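The values are calculated or read from the model by the stated rules, or taken from the named source; none is laboratory data. Bear in mind the structure is a predicted one, so any value in this text is a computation, not a measurement. Quick reminder, even Gly has a Cβ in these numbers, built from the backbone with ideal geometry, and neighbours come from all protein chains shown. We work out accessible area using only protein heavy atoms, side chains counted, and drop any ligands, DNA or RNA first. Shrake-Rupley method; radii C 1.70, N 1.55, O 1.52, S 1.80 Å.
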Amino acid sequence: KAGVTQTPRYLIKTRGQQVTLSCSPISGHRSVSWYQQTPGQGLQFLFEYFSETQRNKGNFPGRFSGRQFSNSRSEMNVSTLELGDSALYLCASSLGRDSPLHFGNGTRLTVT
Amino acid sequence: GNSVTQMEGPVTLSEEAFLTINCTYTATGYPSLFWYVQYPGEGLQLLLKATKADDKGSNKGFEATYRKETTSFHLEKGSVQVSDSAVYFCALSPYGGATNKLIFGTGTLLAVQP
């Protein structure tokens, strides 16, 4: 069974630009969550989608947004990039509540 | 609020040594508790979990017991291997909250030397 796939693995963007990251969950998983990992703040929850609906949201500015498609694939978008957005962005999928999270290998975003 | 505190790293051990990584939490109600492991260049993998007081999670020789009286979930392994070198994260899922919104500790780097 294929794991969680995140594309691209690496991204380099300039301040002020926007970026879209993609996540393909494990087949059959309907829940997709996004996390930001930085050396300073650690792992922080961004948002969770289930059946195309945002079910929960972390404490991030509105520049961070996401969506989920009918096939459960998810994208997250960051607009007007700032240097502080440089991070590893992790996607995780699960069958639903009370099911283990399966993480992808992440997309490393560098903002210059 | 909900939070997780785990011991600072790095933890450096020789092969076959005993491992303990301390984790304590603050939460209302009865959270579920997890240990995740992250190998270099990879995402997180669930190592073990416990969903109620006195539960013991175990996997690959690692164990952790949910202690409500001390609000702790310490990770232990009797004999570590070089291949256990990784970053270990303690996490909780708040009771009644969305399970997939995990609160993570800062992570503890474990380096095992041959």
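Per-atom-type breakdown for the protein assembly as shown gives carbon and sulfur 48% of the accessible area (1.4 Å probe, protein chains only).
Straight-line cross-link partners of B:LYS49 among the lysines, defined as a Cα under 21 Å from its Cα and at least 8 positions apart when in the same chain: B:LYS60, B:LYS68, B:LYS77, B:LYS101. Bridging of B:LYS56 to aspartates and glutamates at a Cα separation below 13 Å is possible for B:GLU76, once same-chain residues fewer than 8 apart are set aside. Placing unit charges on the Cβ atoms of the charged side chains and taking the dipole of chain B about its Cα centre, the candidate lying farthest along the positive direction among B:TRP35, B:MET7, B:GLY78 is B:TRP35. Around A:GLU82, under 9 Å between beta carbons, what's the net of Lys plus Arg minus Asp minus Glu among the other residues? With Lys, Arg at +1 and Asp, Glu at -1, the net is +1. Between the stretch A:52-106 and the stretch B:7-82, the alpha-carbon centres lie 25 Å apart. When the Cα positions of A:THR14, A:SER51, A:GLY28 are compared along the charge dipole of chain A, A:GLY28 comes out farthest toward the positive end, with charges on each C-beta of Lys, Arg, Asp and Glu. Computed about the Cα centre, the dipole magnitude for the protein assembly as shown is approximately 740 debye when only Lys and Arg (+1) and Asp and Glu (-1) carry charge, each at its Cβ.
Based on the Kirkwood radius over alpha-carbon pairs, what is the Stokes-Einstein translational diffusion coefficient of chain B at 20 °C with 1.002 mPa s viscosity, in µm²/s? Don't skip to the end; give the middle numbers.
Working: Rh = 14.0 Å.
Stokes-Einstein gives a translational diffusion coefficient of 153 µm²/s.
Accessible surface buried at the B:A interface totals approximately 1500 Å², computed with a 1.4 Å probe on protein heavy atoms. Label sites at B:LYS52 and A:ARG67, each approximated as a point 7 angstrom past Cα along Cα to Cβ, lie 4.3 nm apart.
May I ask you to rank A:SER27, A:SER93, A:SER51, B:SER32 by accessible area, largest first, using a 1.4 Å probe over the protein chains only?
Result of the area sort, largest leading: A:SER27, A:SER51, B:SER32, A:SER93.
Here the protein assembly as shown was treated as a single set of alpha-carbon atoms; its pair distances binned every 10 Å from 0 give 8, 33, 35, 20, 4, 0 percent. For the pair B:SER3 and A:ASN56, what calculated FRET efficiency results from E = 1/(1 + (r/R0)^6), where r is the Cβ-Cβ distance and R0 = 22 Å, to the nearest 0.05? Taking R0 as 22 Å, the efficiency between A:ASN56 and B:SER3 is 0.80. Of the DSSP beta bridges with both residues in chain A, give the percent that are antiparallel, rounding to the nearest 5. Percentage antiparallel, nearest 5: 90. Once the 1.4 Å probe is applied to the protein heavy atoms, chain A comes out at 48 Å² accessible per residue. Among the trypsin sites (Lys or Arg not before Pro) found in the stretch A:26-63, those both in a DSSP coil and sparsely packed, with 14 or fewer other Cβ atoms within 10 Å of their Cβ, are A:ARG63.
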